[in-house]
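The values are calculated or read from the model by the stated rules, or taken from the named source; none is laboratory data. Fair warning: this is a prediction, and the values are worked out from it, not measured in the lab. Please note: Cβ atoms are built from the backbone with ideal geometry, for glycine as well, and neighbour counts cover all protein chains shown.
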Amino acid sequence: MNDERGESKAGLLYGIAAYGMWGAVPAYFKALMHVSALELLAQRIVWAAVLVVFIMLVRRSWGAVWKCLKDTRTRNTLILTTLLIATNWFVYIYGVSTQRVIQTSLGYFIAPLASTALGVVVLRERLRTGQVIALCLAITGVLILSFLAGEVPWLALAIAASFSLYGLLRKTVAADAMTGLTIESFFLFPFALGYVIWLSANGSAQFGHVDRQTDLLLIAGSVVTVAPLYCFAQAARQLRLTTIGFLQYLSPTGQFLLALWLFGETLNTFKLVGFVFVWMALAIYSVDALAALRRRRRNIDTASTISPDPATMFDPQAAKPARSTP
C-alpha cells in the first residue's frame, strides 16, 4: 500500500515537473533571442542527440533502437514523426523569438481538441455531445481571434496541427518515448550538424562567437529537450490518463502567464474573448472526459459483479431456464 502511494506521488511529481518545464521553456528561448530560430533549432537537435546517445549507452537500450529501424513500417512512421516534431519545434522557437508567446500557448491549448478532431477524421471515432460542444466553442474562439482580433493565429494552428499529428503517429508506433526520441534525433542530426558547420564556415554562427553564456545556454538545450520528456515518460507509467490530461494544461498556462507578466505581451479585448471560448471548450472537454471515464468504470464494475453460477457452468440442464407455470 505504501509502495503504491509512493509511486502515485512520484508519478504526480514527475508529471508536474514535465509540464512545468515545458511551461517555462519560453524563458529559456527568450534568453537566446539574439540567436536565429534556425540556428537555435539546429543546436538544440545536435546537443539533444549527444545527450540521448549518452543516456542510451547508460541504459544499454540499443537493441530497441535497432529493432525499430529494421521494421519498415516503424521506421517510416518515425521519419514522419521526425518531420512533425522538427516543424513543431521550429514554429514554437520562431513564435517565442518574434514575441508571440501568447499565440504559441494557444496552440498547445487547442492541441487536445485537434487530437479529438483527428480521431474522428482518421480513426472514425464517434464524438460525445460534450466533445461536439467543446470543438464548436474552440472553432468559435479561433474564428474570433482570426477575424475580430485582425490576425490569423497561424502559429497556433501550426503548433496544434503538428503536435496532434505527432501524437497520433506516436500512438501507432512500437517505440517508447526515449527510443523514439533517439531515432528522431539520429534522423535530424546530420542535417542539423551540417547547418551548424555551414554557419560556422561563413562566419554567421552565434555559437562560439558571442560569449560563454550563449554557448552554455545552447548546450543546455539538450537538457531542455530531454529532461521534460524523461519526466513525462515516468509520469505516464504511474498516472492515469485523466490525470495526465489535466496536467497537460499546465504547460500552455505557464506560457500564457509568462507572456503577460514577464514578456509584456498585450491581450486586447477580442483576443481575450477568443481565449475565453477556448478555455470554455477545454473545461467542457475535461468534464466530459472525466464523466466518460466514470461511466466506463461503473460498467466494468457492474459486469464484474455479474458472474455465472458455478452450478450452471458444468451442468447443461441447470443452465436451462425454468418453465413458467400458468
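One table, with the values for the structure above:
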{"read-out": "Qualifying residues in the range 123-147 (those that are basic (K, R) and in contact with a helix residue (DSSP H, G or I) (Cβ under 9 Å, 6 or more places away or on another chain)) - the one surrounded by the most Cβ atoms within 10 Å (Cβ to Cβ)", "value": "R128"}
{"read-out": "Matching residues in the range 100-119 - criterion: being β-branched (V, I, T) and farther than 17 Å from L137 by Cα", "value": "V101, I102, T104"}
{"read-out": "From L84, L40, L78, L32, residue being buried (at least 20 other Cβ atoms within 10 Å of the Cβ) and in a loop (DSSP other than H, G, I, E, B)", "value": "L32"}
{"read-out": "In the range 189-210, the residues that are among the aromatic types (F, W, Y) and either at pLDDT below 90 or on the phi > 0 side of the Ramachandran plot (or both)", "value": "F207"}
{"read-out": "Hits in the range 132-188 (condition: acidic (D, E) and either at pLDDT 85 or above or under 30 Å from Q234 (Cβ atoms) (or both))", "value": "D176, E184"}
{"read-out": "Unique residue being part of a helix (DSSP H, G or I), within 26 Å of F109 (Cβ to Cβ) and of a type in the set (D, E) when the list is D215, D288", "value": "D288"}
{"read-out": "Conditions (1) modelled with pLDDT of 80 or more; (2) closer than 17 Å to G23 by Cα; (3) in a helix (DSSP H, G or I): number failed by E265", "value": "(3)"}
{"read-out": "Unmet requirement for R124, which otherwise passes all of (1) over 22 Å from the mean Cα position of the chain (by Cα); (2) not in a helix (DSSP H, G or I)", "value": "(1)"}
{"read-out": "Cross-chain or 6+ apart pairs with Cβ under 6 Å, the range 127-153 first and of a type in the set (F, W, Y), then modelled with pLDDT under 75", "value": "none"}
{"read-out": "Residue within the range 185-201 that is surrounded by 15 or more Cβ atoms within 10 Å (Cβ to Cβ) and not in a helix (DSSP H, G or I) present", "value": "no"}
